[in-house]
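The values are calculated or read from the model by the stated rules, or taken from the named source; none is laboratory data. Remember, it's a predicted structure, so these values are computed and weren't measured experimentally. Positions of Cβ are backbone-derived with ideal geometry, glycine not excepted, and every protein chain shown enters the neighbour counts.
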Amino acid sequence: MDQLSAMQVFSQVVESGSFSKASQKLNMPLPTVSRKVAELEDHLGSQLLTRTTRKLTLTESGARYFAACRRILNDLQEADRQAGNEYIDPVGTMTITAPSAFGKLHVLPIVREFLKAYPKVNIRLMLADQVLHLLEEQIDLGLRIGPLQDSSMMAKPLGHVQFIHCASPTYLEDKPEPTPEMLDQFDIISFGHLDLRQEWSFNMKGKTKSYPTHPRLVVNSAEAAVESAVQHAGITRVLSYQAAREIDRGHLQRVFRSHAEPPIPVHFVYPQGRLVPLKLRTFIDFAAPLLKERLSTIAQQCGLG
């Protein structure tokens with residue numbers, strides 16, 4: 001059995017979603033496609049695909065093997081390009097993921113500029129608030145906000161964001177200066193879980209202490225929380241980049257400044273491998289300095305340092 005050929009066929013079947021479509025894309029007889037996948041499963045001693053009349057799905061071991069095949073085949077493609085001296089310009093399609101709000105505000109503008117500079121590269125930008133698995137979702141690069149959990153990924157630090165509390169100057173007018181102990185004396189706009197029983201954490205002389213909140217308004221998006229605070233509805237707690245623009249415009253101001261929570265790291269992460277595609281290296285080199293500058297500006301707008 002030619003294992004490399006079988007891996008290529010198996011990967012194409014998964015990406016196409018069916019044996020017949022893979023047969024067409026590979027220009028290979030359908031029986032040959034089926035035989036190569038069957039030989040691969042026999043060689044591995046494990047079923048890789050579950051076949052029904054309507055659907056083709058990966059087994060658990062099949063998903064792991066597909067991720068490994070993709071890494072190996074990508075590395076082989078990069079090696080061929082290097083050996084063939086075709087490594088002059090970035091080319092091909094790249095998939096990037098980022099949190100929805102941050103991605104829309106800060107990643108998308110950079111992606112558009114990159115596409116202008118590199119016309120042979122195409123980008124799929126996936127904005128999602130849930131953390132997507134890069135290998136399983138076939139994603140080349142992810143932007144992560146928060147401590148990194150997966151040590152198997154390569155990471156490039158970009159800067160930090162921070163949770164902040166803010167309200168409009170009009171709302172705070174004629175009110176005492178807010179302190180954590182006085183939370184129940186203020187209208188709270190809560191963002192996140194649609195649950196009225198919540199807590200906010202504060203840095204109290206070097207120790208984290210939580211205080212219960214009783215929100216008057218609970219919303220499920222940071223944009224709605226910020227807009228409500230701008231409209232004088234109360235105090236909200238959001239990430240710095242979510243409120244920076246309105247703070248800079250003077251529509252919001254920070255409260256509880258002396259009780260700020262610790263900074264939260266921001267990274268690019270990408271699968272570990274000996275050969276990083278030129279298109280990916282080029283995008284990271286292009287985007288990282290711009291994102292660092294944007295994060296620095298956010299910190300200045302929010303009075304963080």
Single residue of segment 277-305 satisfying the filter (touching a residue at least 60 places away in the same chain (Cβ under 8 Å) and in a loop (DSSP other than H, G, I, E, B)) that is nearest to residue 115 (Cα to Cα): 277
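Test residue 154 against the criterion of being of a type in the set (A, V, I, L, M), over 12 Å from the mean Cα position of the chain (by Cα), surrounded by fewer than 16 Cβ atoms within 10 Å (Cβ to Cβ) and assigned to a strand (DSSP E or B), and give yes or no.
Details: of a type in the set (A, V, I, L, M): yes; over 12 Å from the mean Cα position of the chain (by Cα): yes; surrounded by fewer than 16 Cβ atoms within 10 Å (Cβ to Cβ): yes; assigned to a strand (DSSP E or B): yes.
Here the answer is yes, as residue 154 does meet what is asked.
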Some residue of segment 154-169 being farther than 27 Å from residue 257 by Cα, out of contact with any helix residue (DSSP H, G or I) (no Cβ under 8 Å at 6 or more places or on another chain), at pLDDT below 95 and not assigned by TED's automatic domain parsing to the domain that holds residue 14: yes
Conditions (1) hydroxyl-bearing (Ser, Thr, Tyr); (2) surrounded by fewer than 20 Cβ atoms within 10 Å (Cβ to Cβ); (3) assigned by TED's automatic domain parsing to the domain that holds residue 123: number failed by residue 208: (3)
Test: residue in segment 52-62 that is crowded, with 16+ Cβ neighbours inside 10 Å, under 30 Å from residue 282 (Cα atoms) and of a type outside the set (A, V, I, L, M, F, W, C): no
Residues that are touching a Ser or Thr at 6+ places or on another chain (Cβ under 7 Å) and either over 18 Å from residue 136 (Cα atoms) or of a type in the set (S, T, N, Q) (or both), drawn from segment 37-66: 46, 47, 50, 57, 59, 61
Within segment 115-134, tally of residues that are over 28 Å from residue 64 (Cα atoms) and either touching a His at 6+ places or on another chain (Cβ under 7 Å) or among the basic types (Lys, Arg) (or both): 2
Filter result for residue 119 (farther than 24 Å from residue 286 by Cβ and outside any helix (DSSP H, G or I)): no
Which listed residue, of 21, 25, is assigned by TED's automatic domain parsing to the domain that holds residue 74, without any contact (Cβ under 8 Å) to a residue 12 or more places away in the chain and in a helix (DSSP H, G or I): 21
Members of segment 92-116 that are out of contact with any helix residue (DSSP H, G or I) (no Cβ under 7 Å at 6 or more places or on another chain) and small (Gly, Ala, Ser): 100, 103
Residue tally, condition among the polar types (S, T, N, Q) and part of a loop (DSSP other than H, G, I, E, B), over segment 122-143: 2
Subset of segment 157-177 (residues that are part of a loop (DSSP other than H, G, I, E, B) and buried (at least 16 other Cβ atoms within 10 Å of the Cβ)): 162, 168
Residue satisfying condition, being surrounded by fewer than 20 Cβ atoms within 10 Å (Cβ to Cβ), assigned by TED's automatic domain parsing to the domain that holds residue 167 and modelled with pLDDT under 95, within set 223, 246, 227: 223
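Residues checked against (1) in the same structural domain as residue 37 (by TED's automatic domain parsing); (2) at pLDDT 95 or above; (3) of a type in the set (S, T, N, Q); (4) surrounded by fewer than 17 Cβ atoms within 10 Å (Cβ to Cβ):
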| position | (1), (2), (3), (4) |
| --- | --- |
| 64 | yes, no, no, yes |
| 68 | yes, no, no, yes |
| 112 | no, yes, no, yes |
| 120 | no, no, no, yes |
| 127 | no, no, no, yes |
| 131 | no, no, no, yes |
| 142 | no, no, no, no |
